[in-house]
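Q: Please read through the structure below; I'll follow up with questions.
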Amino acid sequence: MIFKPIYLFELAITFYFASMIVSVTEIFRGTKTISKLMISFAAIGFALHTSNMIARYISGGYLPIASLHEATAFFAWCIILIFFFLELRYQLGLLSSFVMPMVFALMLLSSVLPRSIKPLPPLLQSSWFGVHISLAFLGNAAFAMAFGVGIMYLIQEKHLKSKHLGGLFKRLPNIQVLDHLNYRLVSLGFSLLALAVITGALWAQSALGAYWRWDPKEVWSLITLLVYALILHVRLNSGWRGRKVAILSIIGFMVVLFTFLGVNFLLDSSHSFFREDIK
Amino acid sequence: MNLLVIGLNHKTADLEVRENIAFADDKLEPALKDLLSIEYIHEAIILSTCNRVEIYTNVDNQDRAEDAIKDFISRFHCIDRVALDRSLFVCKKDEAIQHIFRVASSLDSMVVGEPQILGQLKDAYEFALNRKKTGILLNKLLNKAISVAKRVRTETRIAENAVSISFAAVELARKIFDDLSTNTAMLLGAGEMAELAARHLISAGIKSMRVANRTYSRGLELAGQFCGTALRFEDFINEMEYVDIVICSTGASSYVLTKTQVKDVMKLRKNRPIFLIDISVPRNIDPLVNELDNVYLYDVDDLQGVIETNLEQRRAEAAKAEAIVKEEVAAFKSWMASLDAVPTVIALRERAEAVRQEELVKAFNKLGVVEARTEQVIKTLANNIVNKLLHPPTVSLRTEAADKDVLIELIRKIYRLDNDE
C-alpha cells in the first residue's frame with residue numbers, strides 16, 4: 001500500500017475543507033468556475049475517503065463502520081453520496097454551501113476520535129452488521145440533507161414574504177423544488193431508518209434472543225422515526241407544506257443528531273461502537 | 001488613421017429627431033456608399049436602432065471629415081444642418097473607442113444592461129464588413145467591442161435582473177414555482193400592465209391562461225389573444241383552487257379578495273403555493289393575505305421595490321463594467337499606437353542596427369588585427385548596406401497613404417517587430 005490509511009483520511013478531510021471554503025465563498029460570489037471547483041474538490045475528497053474506507057476494510061476485515069471514528073466519517077460519506085445524486089439530478093444553486101459545512105463538521109469530529117482498527121467483537125460479527133448500520137446512516141444522511149434543504153427553504157421563503165429580494169434570493173432555488181425535495185428526502189430517510197430498525201430487531205432476535213430491549217439507542221431511534229412519521233403525516237393528511245414542514249425537518253434532524261451522538265456520549269447503550277472511544 | 005464617431009441617441013436627441021434620422025434597412029447600403037465616397041473617409045459603419053443612430057468611421061482629417069459627415073446626414077435625410085448639429089454628438093480618439101465599447105456593453109443604453117444592443121451592433125458591423133466598407137481599424141475595434149461586451153456580460157451581473165414590473169412578476173414566479181409549464185395563471189380584470197404581465201408569463205411558458213372580466217365579451221376577446229379560456233367574473237373565486245398565479249387589476253374601489261376567502265381557497269388547494277399579483281390602484285387584494293402560509297402577495301409598490309433593488313444591483317454592476325471598459329480602452333490604445341509610423345520606423349532601425357553591430361563584431365573577430373583603414377571600409381560597407389535597404393520602407397512609411405495602416409501592419413509582421421526574439 002502506498003498510503004497508510006491515516007494519510008488518506010487527512011487528505012480526504014483536506015479536500016472536504018477546501019470544498020467547504022469554496023462552497024461558502026459561493027454564497028458571496030457565485031460563478032460557474034467556483035461551483036466546478038467546489039464539485040471537483042468534493043469529488044476528490046470523496047474518492048480519497050472511499051479509498052480510506054477500502055484500506056480500513058482490508059486491514060480490519062470488516063466494514064469500517066464499527067468505531068465512532070469510522071461511523072462519523074461514514075455518516076459524512078453518506079451525505080456526500082446523496083449530495084452527488086441531488087447535484088446530478090437537480091443542480092440546486094447553493095446546495096453545497098449548506099451541505100459541505102455539515103460534512104466537514106462530521107469529518108472534523110471523526111478526526112479527533114481514536115482511529116485504531118481493532119478486532120470486531122464477536123457480537124458484531126454478523127452479516128446483519130453492515131446492512132443494519134449502512135441503512136441507519138444512509139437514512140440519517142437523507143435527514144441531514146432534508147435539514148439543509150429546509151434551511152434553504154426558510155431563507156428563500158423569508159425573501160419572498162418580506163419582499164426584500166437582495167441577498168441570496170437570486171442564487172437560491174425556487175421554493176417549490178425545495179419543498180418537494182424536503183418531502184422526498186424525509187420519505188427516503190424514514191424508509192431507510194425504518195428498515196434499519198427492522199433489521200436491527202431481527203439481528204437482536206438472532207443474536208440476543210429478543211427483538212426489542214429498550215436500549216437508549218433503540219428508544220431514541222424510535223423517537224426519531226415517530227418524529228419523521230409525524231412530519232410525513234401532517235404533510236400527507238393535514239396538507240402542511242413549506243415553512244412548517246421545513247421547520248419540523250430541522251427539529252427532526254436535531255433528534256437525529258442526539259440519537260447518533262447524544263446517546264453515545266450521554267447515555268449508556270449497547271450501540272456505543274467501541275466503548276473506550278468515549279470517555 | 002483617426003477614429004471618429006458621430007451620431008445621436010436617446011441622450012442627445014428626442015424621439016422625433018431620432019425617427020427622422022434613422023436609416024431604413026434598404027437605405028443602409030447607399031448610405032454607406034455615399035459616406036465612403038467622401039475622400040477623407042476610409043472605413044464606415046452605420047448603427048441605426050430606435051434609440052440611436054451612430055456612424056463609426058476611420059478618417060484622415062478629423063475636422064473636415066466631421067463636417068463632411070454632418071453634411072452627409074443632413075443631405076441624406078433632408079434635414080437642416082443647424083437643427084441637426086444641436087442633436088449630434090462627436091467623439092474622437094480615446095473617447096470614440098470608449099463610446100463604442102460602452103455601447104456594445106449596453107452601458108450607454110436607456111435601460112442599462114439590456115441585451116439587444118449587442119446584436120444590433122453585430123448586425124451593423126457585419127453589414128458593413130460584407131460590403132467591404134470596413135478595414136483594419138474598424139474590424140479590430142468592433143471585434144474587440146464584441147469581446148468586451150461578452151466579458152462584461154460574464155464578469156458582471158449587469159443584465160441579470162428584471163427592471164420592469166411585468167418582468168419582475170415573471171422573475172418572482174420562477175422563484176416560487178419550479179416549472180412554469182405546469183402552472184396555470186388567471187387574469188382578473190384587465191389593464192395594460194396586467195395584460196403585459198400575462199403576456200410575459202405566456203412567453204415564459206405558462207401552461208394555460210384563464211381570463212375573468214366583469215364584461216364577459218371583453219374577457220372572451222382577451223382569452224382569445226392569450227389562447228386561454230374565459231370565465232364569468234363571479235366564478236373566479238372557485239377557479240382559484242386550480243390556478244397558481246393570479247394577476248389582479250379590476251379597477252374596483254374595494255377589496256375583491258379578502259383574507260378569509262383566500263384562507264378557504266388555501267384549504268381547498270391543500271396549501272399548494274399561490275402567487276397573487278395585485279396591479280390595481282387602489283388595491284384589490286387585502287394586504288393581510290400575505291400573512292397566510294404559502295400565499296405570496298405582491299402589489300404594485302412591492303414590484304416597484306423589486307425593480308428598485310434590481311436597478312441598484314445593475315448600477316453597482318455598471319461600475320464594475322466601466323472599469324473593464326477602461327482597461328480595454330487602454331489596451332486598444334496601445335495597439336493603435338503600434339500602428340503609428342514613427343515607432344515602426346524606430347523599431348525597424350533598431351532591429352537593423354542590432355544586426356549590423358552583431359555582424360561587425362563577428363567579422364572583426366574572424367579577421368583578428370586589421371589596419372585602421374580596412375576597419376573603416378568594412379564599417380562603411382555595413383552602414384551603407386543597412387541604410388540603402390532601409391531607405392525604401394522608411395520613405396513608404398513616412399508618406400501619407402490611404403493604406404498606410406496596412407503597410408505598417410505588414411512591415412511589423414515581416415520584420416517581426418512585435419516579437420521579442
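Q: Within segment A:86-114, can you find the residues that are in a helix (DSSP H, G or I), farther than 20 Å from A:THR14 by Cβ and among the aromatic types (Phe, Trp, Tyr)?
A: A:PHE98
Q: Tally time: how many residues in segment B:281-312 are more than 9 Å from chain A (Cβ to nearest Cβ), part of a strand (DSSP E or B) and under 12 Å from B:ALA169 (Cα atoms)?
A: Total meeting the criteria: 2.
Q: Now for a separate question. At least 1 residues that are polar (S, T, N, Q) and either surrounded by 15 or more Cβ atoms within 10 Å (Cβ to Cβ) or at pLDDT 85 or above (or both) in each: list the helices (runs of 4 or more DSSP H) lying fully within segment B:1-120 that qualify.
A: Here the list reads B:15-21, B:62-76, B:81-87, B:93-104.
Q: Please return the ranges of helices (runs of 4 or more DSSP H) entirely within segment B:192-280 where 3 or more residues are out of contact with any Ser or Thr (no Cβ under 9 Å at 6 or more places or on another chain) and hydrophobic (A, V, I, L, M, F, W, C).
A: Because the criterion is at least 3 residues that are out of contact with any Ser or Thr (no Cβ under 9 Å at 6 or more places or on another chain) and hydrophobic (A, V, I, L, M, F, W, C), the helices (runs of 4 or more DSSP H) in segment B:192-280 that meet it are B:259-268.
Q: Answer with yes or no whether B:LYS270 is surrounded by 14 or more Cβ atoms within 10 Å (Cβ to Cβ), within 13 Å of chain A (Cβ to nearest Cβ) and not polar (S, T, N, Q).
A: yes
Q: Considering only residues that are within 25 Å of the chain's Cα centre (by Cα), surrounded by fewer than 20 Cβ atoms within 10 Å (Cβ to Cβ) and within 24 Å of B:VAL289 (Cα to Cα), which ones fall in segment A:152-171?
A: Hits for segment A:152-171 are A:LEU154, A:ILE155.
Q: Could you go through segment A:86-93 and let me know if any residue there is of a type in the set (Gly, Ala, Ser) and under 14 Å from the mean Cα position of the chain (by Cα).
A: No.
Q: How many of the residues making up segment B:94-110 are among the acidic types (Asp, Glu) and over 17 Å from B:GLN62 (Cα atoms)?
A: Of the residues in segment B:94-110, 1 are among the acidic types (Asp, Glu) and over 17 Å from B:GLN62 (Cα atoms).
Q: Give segment B:321-339 a look and list any residue that's surrounded by 13 or more Cβ atoms within 10 Å (Cβ to Cβ) and either among the polar types (S, T, N, Q) or within 12 Å of another protein chain (Cβ to nearest Cβ) (or both), or say none.
A: B:SER338
Q: Does B:VAL377 qualify as being β-branched (Val, Ile, Thr) and modelled with pLDDT under 90?
A: In short, no.
Q: Now, a different point. Scan segment B:358-388 for residues that are closer than 20 Å to B:LEU348 by Cα, surrounded by 12 or more Cβ atoms within 10 Å (Cβ to Cβ) and either β-branched (Val, Ile, Thr) or not assigned by TED's automatic domain parsing to the domain that holds B:LEU348 (or both) and jot them down.
A: Selection gives B:ILE385, B:VAL386.
Q: Let me ask something else. So if I check each of A:ASN140, A:ASN174, which one is within 12 Å of chain B (Cβ to nearest Cβ), crowded, with 16+ Cβ neighbours inside 10 Å and among the polar types (S, T, N, Q)?
A: Result: A:ASN174 is the single residue among A:ASN140, A:ASN174 that is within 12 Å of chain B (Cβ to nearest Cβ), crowded, with 16+ Cβ neighbours inside 10 Å and among the polar types (S, T, N, Q).
Q: So in segment B:173-204, with the set limited to residues that are more than 14 Å from chain A (Cβ to nearest Cβ) and surrounded by fewer than 14 Cβ atoms within 10 Å (Cβ to Cβ), which one is farthest from B:ASN161 (Cα to Cα)?
A: Top of the filtered list is B:GLU192.
Q: Quick check on segment B:151-167. Is at least one of its residues surrounded by fewer than 16 Cβ atoms within 10 Å (Cβ to Cβ) and more than 14 Å from chain A (Cβ to nearest Cβ)?
A: Checked segment B:151-167: no residue is surrounded by fewer than 16 Cβ atoms within 10 Å (Cβ to Cβ) and more than 14 Å from chain A (Cβ to nearest Cβ).
Q: For segment A:186-196, state whether one or more residues are closer than 30 Å to B:VAL306 by Cβ, out of contact with any strand residue (DSSP E or B) (no Cβ under 8 Å at 6 or more places or on another chain) and more than 14 Å from every other protein chain (Cβ to nearest Cβ).
A: no
The values are calculated or read from the model by the stated rules, or taken from the named source; none is laboratory data. Quick caveat: nothing in here was measured; it's all calculated off a predicted structure. Note that we place each Cβ from the backbone using ideal geometry, even for glycine, and neighbour counts take in every protein chain shown.
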